[in-house]
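**Q** Would you mind keeping the following structure in view while I ask a few things?
The values are calculated or read from the model by the stated rules, or taken from the named source; none is laboratory data. Just so we're clear, the structure is a prediction, and the values are computed from it rather than from any experiment. Cβ: placed from backbone, ideal geometry, glycine included. Neighbour counts: every protein chain shown. Protein only, heavy atoms only, side chains kept; ligands, DNA and RNA dropped before computing areas. Shrake-Rupley method; radii C 1.70, N 1.55, O 1.52, S 1.80 Å.
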Amino acid sequence: MPVKTEEMILNMGPQHPSTHGVLRLELLLEGEIIKGVKPHIGYLHRCFEKHAEAMTYPQVIPYVDRLDYLSSMYNEFGYVTAVEKLLGIEVPQRVEYIRVIMGELQRIASHLVAIGTYGADLGAFTPFLFAFRDREKILSLFEITCGARLLYNYIWIGGLSHDLHPDFVRLAREFIPYFRPKIKEMNDLLSYNKIFVERTANVGILPPETAINFGVSGPNLRGSGLKWDLRRNDPYSVYDKFDFNIPVGEGRMGTVGDCWDRYFVRILEMEESLKIIEQALDQLPEGDVTSAIPKRVKPPIGQVYARVENPRGELGYFIISDGSVNPFRVKVRAPSFISLSVMDELCRGHMIADVIAILGSIDIVLGEIDR
Amino acid sequence: MGLLDKQFTDDNIIITKVEDVLNWARLSSLWQMGFGLACCAIEMMATSASHYDFDRFGVIPRPSPRQSDVIIISGTVTLKMAIRIKRLYEQMPDPKYVISMGSCSNCGGPYWEHGYHVLKGVDRVIPVDVYVPGCPPRPEALLEGLLKLQEKIRNESLVKKTA
Amino acid sequence: MIYDFLLKLTGSEIAAGFIQSLLPLFVFILPFALIAVLLERKVSAHMQDRLGPMRVGYHGIFQTVADILKLMQKEDIVTDNSDKALFNIAPVLVFTGSYAAFAAIPFSGAFIGSNIDLGLFFIVAVSGLVVAGILMAGWASNNKYTLLGAMRSAAQVISYEIPTILVIITIVMITGTLNLYTLSELQTGHFWNWMIFGGPSTGLIKVAFIPFMIIGFVIIYISTLAEVNRTPFDIPEAESELVSGYHTEYSGMKFAMFFLAEYANMFAVSAIVAAVFFGGYQSPFGYLGNSLGISWFIPIEQFFWFTFKGIFFVLVQMWLRWTLPRLRVDQLMALCWKYLIPIAFVNLLIVGLITVL
Amino acid sequence: MKTTEEIFNLLKEKFGESIIEFKTGVPVEDFIVVNPFEIDKVCTFLRDTDSYQFNNLMNLSGVDDANGKKITGEQGEVKLEGRTFSLFYHLESMSLKQKVTLAVRMPGENPEVSSVSEIWRSADWHEREAFDMFGIKFLNHPDLRRILMPYDWEAGYPLRKDYKNPEFYQGMKVPY
């Protein structure tokens, strides 16, 4: 007698310990095997684009902070890059260097959360707390700079809200030798752990062609073995003055483009960010950081698409100006939004436990997906 | 709670002592629902992590609403999410408490005017015990909010209605 | 023996047996579970650069008391679509299962709940009851997560019982007894008489046994970890996948029963490992009571050594839990069926050959 | 590497009437306006031809041009006549390092455009978002549902400039 079986639909989220916020995944299951994944998003749709139309250009910056709340500095960086391109203004060198330092510190902080929560998703809770302990150090650096821990409103159009604190350079220099051994510690604790490798290697393989077709960018694209980094391939700010490598996935533990590769690219990138910070601190010029801030931001009629390499990938701002003080339209090309759309492609044929591994490895932030 | 208000018209010593013990148990083991919404959730995670350590107060995250005592609404509540939050709250067993963390869940925060999809204050769907202001509140502020909640529980009574 | 003492005290066999069987519950399991929960939180906190509970009592020693008192006050939710009878029985069954296992565990030379000849067999059988409870809980909750958790748990516990039993058979083959009390008595003297060091046998055979005993110990420790659903095998209640597995829908005291049963189970399996391989309640160095000539002191010493060994293995379980990620279901099964069982079989054969020789 | 103007001229030769105009002189970015029903063919050509290789759709964004004329009807209802919606496609060739911006314009009453989600899978969600926010219909889109707003949202398309927020949604008061 044939046994009657049917597929089961399992809802994961919006409240679920491992969805990194309020994401709902509709899993079509056959036993524990995934037949399809349908992400439902919008549970954190905070109407950013509507707000941007109602605010003046500088007023948008606090809202930009709240898009990808794990890398606020970089969101501001991207936004002001776009507006400055539209205005056609040059900013002082010191401002650019400070922006790069802040951006790279933010990249480390963001990757730490990504790595920590990834470990926690896979059941290893201790690396999560270790990552947060080290992230706390970076946050205290931000705090002496601008007074905020998470959402900074620090990078302004044409300049910065404050100059660096007199102690900042010393503290940042102290941070680098403190943090280097911690990366090794994380590798010993998590990256090369046999169980961790078993869980992540050969899981959720993303071939480079698929990745490009889906528009995936950032560490996820580099995890697929493609050397593509906007800091190198489409340089902005002063990134062309630094010497750093672009780590790519090599398939050391399994196939190129699996979860372990995506994870490990982030570990390697933290190392590279440290290098950039070191060089930027050495070359940091003197000067005024507020001199180029325009009194009134009123760009001419026109449009611009500017992009930067956010910790999660290509963060693009498409701004249309109608010549008034408010932007006519701001569209954010959010890297996580694109990364999440690959879920279905990655998960099919894997098991429930792998959905968690894959979701953690593409490192999404819901604030940015839903905007 | 007012469960026994027909039997005892006034506080007597036994009831008060029992009350103290029960309140003490409730306030020292507030299990938090592991549930984050937006930016504030990151600060909430930081509060649970090494530096600030929520566990000192007996707060541990529980994944299931059935086993949690306090839900921290940490972030912007959208209309789409509000329905789910209400359901989560209803799934929690009594006695249950709500901490509204951050401006967004207090009143809509920066999204109060043009946020066509933002609920202006989570208190429009569920009752809130403690509001923690800030955007986002620092971990210290959340700890203070927790202490305020403990204060509130300490003064609860079996006999008299408190809420 | 405590039983004789109780018999004299009460004058009735039934009353004496009843009190004796309750003793481990009140004297040992409940206090132990309370301490273990706190210990877990403290151990994890200190591993993670935190402090853990600090506010209730000195360094939070009353934390678990507060937790249990609070859980008692919580509303008991039974969902509308659940199978109410099974839903209510399940936590009791799980708790009973893990508690019953303590009956045959010798806490000291003078106290064993029930000195039955099939002790080891009894423990293995009774812990099978826990699976039934978990399956009932998962099914009755009428929730997909609990069902998945319960199915995983059943598959896992039943699979891992096989290597456990194979290792136990190996021991039984050497000692010729299933009685844990006799087994412990066999390993008396000093620590080189423990089973892990070849047991009471002598000469070349003893040396030949040692490597196989160590293999057996590793296998049984891994499989007992899986049987009590601890990391890296905590798949049935994997927080990040299945919310909290089979007890997702339980609140209040029913949840507390699962919770306590889990910690009681942890000690039960540690106690078995200690009793089978590490001399049970036997002291590694000989007794203070013997050298001082105070005979009533010996059982107390034995009790100390037994708890010490048990808690040591519980601590190792915690250490593993807060260090390792968890495996996936298929990897878990592969580990059991492809590695542990064949190795345990070969181990059994070789030990058998050595015994025959 | 080709400039937008060169690409425009080459496309004009190939597709003729479908390529409507070349907008230049706008600060920062030039773009090519394409017929909304031919955009998929143009995009397929741009992706698959060796001299273009636009393999990456960086961004796709809907825009409400807010241009129409306000007309008050007989019952006092306000209608916008002659309004248009636009879509902007930012393409990039990762191998040849060139970029181009395409645009389509659609009438406000019934904005329809051919979907490019078969060409670049990343367009799938972008198009759903444009549908959700502006009500632009994408022909041949595999799964055109709302993406950010609730599925039962009835109050229209929020990023349109004339959008009015409802008082209540499922019993919850929406305005402050």
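**Q** When A:LEU164 is evaluated against the numbered criteria (1) closer than 30 Å to A:SER291 by Cβ; (2) within 14 Å of another protein chain (Cβ to nearest Cβ), which criterion, by number, is the only one it fails?
**A** So A:LEU164 meets the others, but not (2).
**Q** Taking C:LEU120, is it open to solvent by less than 30 Å² (accessible area, probe 1.4 Å), touching a Leu at 6+ places or on another chain (Cβ under 7 Å), under 19 Å from C:ALA274 (Cβ atoms) and touching a residue at least 60 places away in the same chain (Cβ under 8 Å)?
**A** When the stated conditions are applied, C:LEU120 passes them.
**Q** Something else about it: Name every residue in the stretch D:138-165 that is in a loop (DSSP other than H, G, I, E, B) and more than 14 Å from chain A (Cβ to nearest Cβ), in order of residue number.
**A** D:ASN140, D:LEU144, D:GLU154
Here's the yes/no breakdown for (1) within 9 Å of another protein chain (Cβ to nearest Cβ); (2) among the aliphatic types (A, V, I, L, M); (3) in contact with a Phe, Trp or Tyr (Cβ under 8 Å, 6 or more places away or on another chain):
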| position | (1), (2), (3) |
| --- | --- |
| C:VAL56 | yes, yes, yes |
| C:GLN63 | yes, no, no |
| C:GLN73 | yes, no, no |
| C:ASP76 | yes, no, no |
| C:ILE89 | no, yes, no |
| C:ILE105 | no, yes, no |
| C:ASN115 | no, no, yes |
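**Q** Tell me, which residue of the stretch D:92-119 that is of a type outside the set (S, T, N, Q) and touching a helix residue (DSSP H, G or I) at 6+ places or on another chain (Cβ under 6 Å) is surrounded by the most Cβ atoms within 10 Å (Cβ to Cβ)?
**A** For the stretch D:92-119, the residue satisfying everything is D:VAL116.
**Q** With (1) open to solvent by less than 30 Å² (accessible area, probe 1.4 Å); (2) touching a residue at least 60 places away in the same chain (Cβ under 8 Å) as the list, and C:PHE345 as the residue in question, which single condition is left unmet?
**A** Against the list (1) open to solvent by less than 30 Å² (accessible area, probe 1.4 Å); (2) touching a residue at least 60 places away in the same chain (Cβ under 8 Å), C:PHE345 comes up short only on (1).
**Q** In addition: Which numbered condition trips up C:ASN229, out of (1) crowded, with 21+ Cβ neighbours inside 10 Å; (2) outside any helix (DSSP H, G or I); (3) on the phi < 0 side of the Ramachandran plot?
**A** Just one mismatch for C:ASN229, condition (3).
**Q** Could you figure out which of (1) open to solvent by 10 Å² or more (accessible area, probe 1.4 Å); (2) of a type in the set (Ser, Thr, Tyr); (3) away from chain D (no Cβ under 14 Å) isn't true of A:TYR154?
**A** Exception for A:TYR154: condition (1).
**Q** Got a number for residues in the stretch B:29-50 being within 10 Å of chain C (Cβ to nearest Cβ) and either open to solvent by less than 10 Å² (accessible area, probe 1.4 Å) or of a type in the set (Asp, Glu) (or both)?
**A** The qualifying residues number 4.
**Q** Tell me, please, whether a residue that is buried (at least 23 other Cβ atoms within 10 Å of the Cβ), touching a His at 6+ places or on another chain (Cβ under 7 Å) and touching a residue at least 24 places away in the same chain (Cβ under 8 Å) can be found in the stretch C:137-149.
**A** Yes, the stretch C:137-149 has at least one match.
**Q** The conditions are (1) within 14 Å of chain C (Cβ to nearest Cβ); (2) under 25 Å from B:TYR52 (Cβ atoms); (3) open to solvent by less than 10 Å² (accessible area, probe 1.4 Å); (4) touching a helix residue (DSSP H, G or I) at 6+ places or on another chain (Cβ under 8 Å), and B:ILE72 fails exactly one of them. Which is it?
**A** Of everything listed in (1) within 14 Å of chain C (Cβ to nearest Cβ); (2) under 25 Å from B:TYR52 (Cβ atoms); (3) open to solvent by less than 10 Å² (accessible area, probe 1.4 Å); (4) touching a helix residue (DSSP H, G or I) at 6+ places or on another chain (Cβ under 8 Å), B:ILE72 misses just condition (1).
**Q** Has the stretch C:291-303 got at least one residue that is surrounded by 18 or more Cβ atoms within 10 Å (Cβ to Cβ) and either within 14 Å of chain A (Cβ to nearest Cβ) or in a loop (DSSP other than H, G, I, E, B) (or both)?
**A** Scanning the stretch C:291-303 turns up no residue that is surrounded by 18 or more Cβ atoms within 10 Å (Cβ to Cβ) and either within 14 Å of chain A (Cβ to nearest Cβ) or in a loop (DSSP other than H, G, I, E, B) (or both).
**Q** How many residues does the stretch B:107-124 contain that are open to solvent by 30 Å² or more (accessible area, probe 1.4 Å) and in contact (Cβ under 8 Å) with a residue 12 or more places away in the chain?
**A** So the answer is 4.
**Q** To continue, here is another question. Taking interchain pairs and intrachain pairs at least six residues apart, which have beta carbon atoms under 6 angstrom, with the first residue in the stretch A:237-249 and closer than 30 Å to A:ASN202 by Cβ and the second assigned to a loop (DSSP other than H, G, I, E, B) and among the basic types (Lys, Arg)?
**A** Matching pairs, first to second residue: A:ILE246/A:LYS227; A:VAL248/A:LYS227.
**Q** Condition test on D:ASN59, is it within 14 Å of another protein chain (Cβ to nearest Cβ), surrounded by fewer than 18 Cβ atoms within 10 Å (Cβ to Cβ) and either outside any strand (DSSP E or B) or not hydrophobic (A, V, I, L, M, F, W, C) (or both)?
**A** Here the answer is no, as D:ASN59 does not meet what is asked.
**Q** Turning to a different aspect of this structure: Are there any helices (runs of 4 or more DSSP H) wholly within the stretch A:10-111 with 3 or more residues that are more than 30 Å from A:PHE132 (Cα to Cα) and open to solvent by 20 Å² or more (accessible area, probe 1.4 Å), and if so which?
**A** Per the criteria, A:48-54.
**Q** When you go through (1) more than 9 Å from chain A (Cβ to nearest Cβ); (2) in a strand (DSSP E or B); (3) farther than 22 Å from A:GLY42 by Cβ one by one for D:HIS90, which number turns out not to apply?
**A** The one condition D:HIS90 does not meet is (1).
**Q** Only one of (1) among the hydrophobic types (A, V, I, L, M, F, W, C); (2) under 23 Å from the mean Cα position of the chain (by Cα); (3) assigned to a helix (DSSP H, G or I) fails for A:ILE205. Which number is that?
**A** It fails just one condition, (3).
**Q** Which one of these does C:PRO200 not meet: (1) assigned to a helix (DSSP H, G or I); (2) under 20 Å from C:LYS309 (Cα atoms)?
**A** All conditions are met except number (1).
**Q** If you don't mind, there's one more thing I want to ask. Step by step: first the residues of the stretch B:81-103, then only those that are open to solvent by 10 Å² or more (accessible area, probe 1.4 Å) and away from chain C (no Cβ under 14 Å), then the one that is farthest from C:LYS254 (Cα to Cα). Which residue is that?
**A** Applying the filter and picking the extreme gives B:SER103.
**Q** Looking at (1) of a type in the set (A, V, I, L, M); (2) crowded, with 23+ Cβ neighbours inside 10 Å; (3) within 15 Å of the chain's Cα centre (by Cα), which is the only condition C:LEU242 fails?
**A** It is condition (3) that C:LEU242 fails.
**Q** Mind checking which helices (runs of 4 or more DSSP H) fall wholly inside the stretch A:254-371 and carry at least 3 residues that are open to solvent by 10 Å² or more (accessible area, probe 1.4 Å) and out of contact with any strand residue (DSSP E or B) (no Cβ under 6 Å at 6 or more places or on another chain)?
**A** Here the list reads A:259-283.
**Q** Then there is this: Taking the condition of being aliphatic (A, V, I, L, M), touching a strand residue (DSSP E or B) at 6+ places or on another chain (Cβ under 8 Å) and either within 12 Å of chain A (Cβ to nearest Cβ) or open to solvent by 10 Å² or more (accessible area, probe 1.4 Å) (or both), how many residues in the stretch D:5-56 meet it?
**A** So the answer is 3.
**Q** Determine whether A:GLY223 is modelled with pLDDT under 85, open to solvent by less than 20 Å² (accessible area, probe 1.4 Å) and not hydroxyl-bearing (Ser, Thr, Tyr).
**A** No.
**Q** If the requirement is being more than 14 Å from chain A (Cβ to nearest Cβ) and modelled with pLDDT under 80, which of these qualifies: C:GLY310, C:GLY279?
**A** The conditions single out C:GLY279.
**Q** Please determine, by comparing only the residues of the stretch B:125-138 that are touching a Ser or Thr at 6+ places or on another chain (Cβ under 7 Å) and open to solvent by 60 Å² or more (accessible area, probe 1.4 Å), which one is nearest to the other protein chains (Cβ to nearest Cβ).
**A** Ranking the qualifying residues of the stretch B:125-138, first place goes to B:PRO133.
**Q** Another question, then. Looking only at the stretch A:191-217, filter to residues that are among the polar types (S, T, N, Q) and within 13 Å of chain D (Cβ to nearest Cβ); which one of those is least open to solvent (accessible area, probe 1.4 Å)?
**A** Here the residue is A:SER217.
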